[in-house]
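Take a look at the structure below.
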Amino acid sequence: MSAERPVPGECTLLAGELRELRERTGLSLAALAGRTPYSKSSWERYLNGKKLPPRHAVDALCSVAGEPAGRLLALWELAEQAWSGRAAVPPPPAPEDTGRRRFHRAYLFTGALVVAAALVTGLLLTAGRHASSPVESGSLATGSGYPQSYAPGCRGQECEGADPAEMGCGAQGLVDTLLTHQAAGGRRIEIRYAARCGAVWVRAMRLRLGDRVELSLPGALTKEIKAVGERDTEVYRSTAMTATDRPREARVCLRPAEGAPDCVSPSAKG
């Protein structure tokens, strides 16, 4: 990601994927900088392909967007190898090598490339499965590496009705998944809570057109999302947040376009 040499294709692909993810958050570069440990100018360089982002910057953007990081981190590994020039290069044959020994070395090198290609393919396939599945660790409160100084964009009643991604409440290290429910047709519903935000919300995936998901708590306005377009059936959708210090009283109802409602609550399951 420099004008001095051609940008590797892996780096161009990574920058494009990161731009698309940032656009999906709806955040400006300044707002993104406020939700992560990286400045506006740094994000401009990362997203425009002028500089290879640190691995943690990729992870931080995925956290803000509520996107599983596996696929993009796998792509970052490939981009970092291409950018740093760590791709394997066959050693030149020693002057005393015979033709047979050169053939043997070439054979071993080719075999190593095949093995490396298989490992990369496996990595991408595994990452792709993780990206297409909403499964996450039940609690992200530990081991995330997110700076302790990071502060979300709202707290308590300030979060009422706000977008969890825009406020940074879904960042790794802040959020706990209180309930994961597998509904009919592969739909997946999660009730998520960020103690530092003091708010709860619902995240849904694999909805079908016409589906509606509702989040309710005693004494609070109901929050809902609806799958109105094809895009809504392909990505995570999150409700607005409800400010609460009693998140286990939250109740989520999936109201499918066809079929009976499916309602669950952490308190009912706990």
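The values are calculated or read from the model by the stated rules, or taken from the named source; none is laboratory data. Small disclaimer: the values here were computed from a predicted structure and weren't measured. When we count neighbours, we look across all protein chains shown, and the Cβ atoms used for this are built from the backbone with ideal geometry, even at glycine. In case anyone asks, the SASA skips ligands and DNA or RNA and just uses the protein heavy atoms, side chains included. Shrake-Rupley method; radii C 1.70, N 1.55, O 1.52, S 1.80 Å.
Here are a few things to note about the model shown:
- Cβ pairs under 7 Å, 6+ apart, first in segment 239-258 and closer than 26 Å to L209 by Cβ, second assigned to a helix (DSSP H, G or I): M241/C159; A250/P266
- Being in contact with a Ser or Thr (Cβ under 7 Å, 6 or more places away or on another chain) and closer than 24 Å to G153 by Cα is a property that does not hold for G168.
- Scanning segment 244-260 for residues that are of a type in the set (G, A, S) and open to solvent by 20 Å² or more (accessible area, probe 1.4 Å), we see that the one that is nearest to A162 (Cα to Cα) is A257.
- R206 in contact with a Gly (Cβ under 6 Å, 6 or more places away or on another chain) and open to solvent by 50 Å² or more (accessible area, probe 1.4 Å): yes
- For segment 203-216, the set of residues classified as touching a strand residue (DSSP E or B) at 6+ places or on another chain (Cβ under 7 Å) and either at pLDDT below 95 or of a type in the set (F, W, Y) (or both) consists of R203, A204, M205, R206, L207, listed by residue number.
- Segment 219-237 - residue that is within 18 Å of A165 (Cα to Cα) and in contact (Cβ under 8 Å) with a residue 24 or more places away in the chain and, of those, most open to solvent (accessible area, probe 1.4 Å): R237
- Taken together, the residues in segment 152-183 that are farther than 18 Å from H56 by Cα and among the β-branched types (V, I, T) amount to 2.
Conditions (1) over 19 Å from G153 (Cα atoms); (2) without any contact (Cβ under 8 Å) to a residue 24 or more places away in the chain; (3) open to solvent by 40 Å² or more (accessible area, probe 1.4 Å), marked per residue:
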residue: L32; (1), (2), (3): no, no, no
residue: S39; (1), (2), (3): no, yes, yes
residue: K50; (1), (2), (3): yes, no, yes
residue: L61; (1), (2), (3): no, no, no
residue: G66; (1), (2), (3): no, no, no
residue: G70; (1), (2), (3): yes, no, no
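- Of all residues making up segment 186-199, the number that are open to solvent by 50 Å² or more (accessible area, probe 1.4 Å) and more than 20 Å from S265 (Cβ to Cβ): 1
- Residues of segment 217-233 that are touching a strand residue (DSSP E or B) at 6+ places or on another chain (Cβ under 6 Å), among the aliphatic types (A, V, I, L, M) and over 14 Å from S265 (Cα atoms): A220, I225.
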